[in-house]
Amino acid sequence: MALNDDIALLSNVSLFAEIGDDKLRLIAFGAERRRVAKGHELFREGAPADCAYAVAVGSFSLSKLDADGRPQHVDTVSRGALLSELALISMVERKFTATADEDS
């Protein structure tokens, strides 16, 4: 993706909707792209969260472990979703596991 594509993606994320293009350009410039193959995890519940993820392509299933330690589906997210946004302001743990439903 080109920088302008990253800016367009971020402008569609609700958290960044009111931020101007110049500030979005700075955020996009500092961002890293990651590809996740279908069936692979982007991150796991309980892991330290040191960044947030904006979904550019594909979709992810979000799951949490129940009291018996079994994964329970919570939601499915796709393009424009922002995952682990609290990590942008504080060191936190991932609240769920994100697994790619397709190449993402």
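The figures follow:
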{"read-out": "Test: residue in the stretch 68-80 that is among the hydroxyl-bearing types (Ser, Thr, Tyr) and assigned by TED's automatic domain parsing to the domain that holds Leu3", "value": "no"}
{"read-out": "Residues located in the stretch 50-68, provided they are charged (D, E, K, R) and within 13 Å of Thr97 (Cα to Cα)", "value": "Lys64, Asp66"}
{"read-out": "Test: residue in the stretch 82-90 that is more than 17 Å from Val13 (Cα to Cα) and surrounded by 14 or more Cβ atoms within 10 Å (Cβ to Cβ)", "value": "no"}
{"read-out": "Boolean, Ser63 is surrounded by 14 or more Cβ atoms within 10 Å (Cβ to Cβ), at pLDDT 95 or above and outside the structural domain of Leu9 (by TED's automatic domain parsing)", "value": "yes"}
{"read-out": "Residue check, Ala37 touching a strand residue (DSSP E or B) at 6+ places or on another chain (Cβ under 7 Å) and buried (at least 16 other Cβ atoms within 10 Å of the Cβ)", "value": "no"}
{"read-out": "Lone unmet requirement of (1) within 20 Å of Asp6 (Cα to Cα); (2) of a type in the set (A, V, I, L, M); (3) in contact with a Pro (Cβ under 7 Å, 6 or more places away or on another chain) for Ala81", "value": "(3)"}
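The values are calculated or read from the model by the stated rules, or taken from the named source; none is laboratory data. For clarity, every value in this text was computed on a predicted model and none was experimentally measured. FYI the Cβ positions are ideal-geometry reconstructions off the backbone, even for glycines, and counts take in every protein chain you see.
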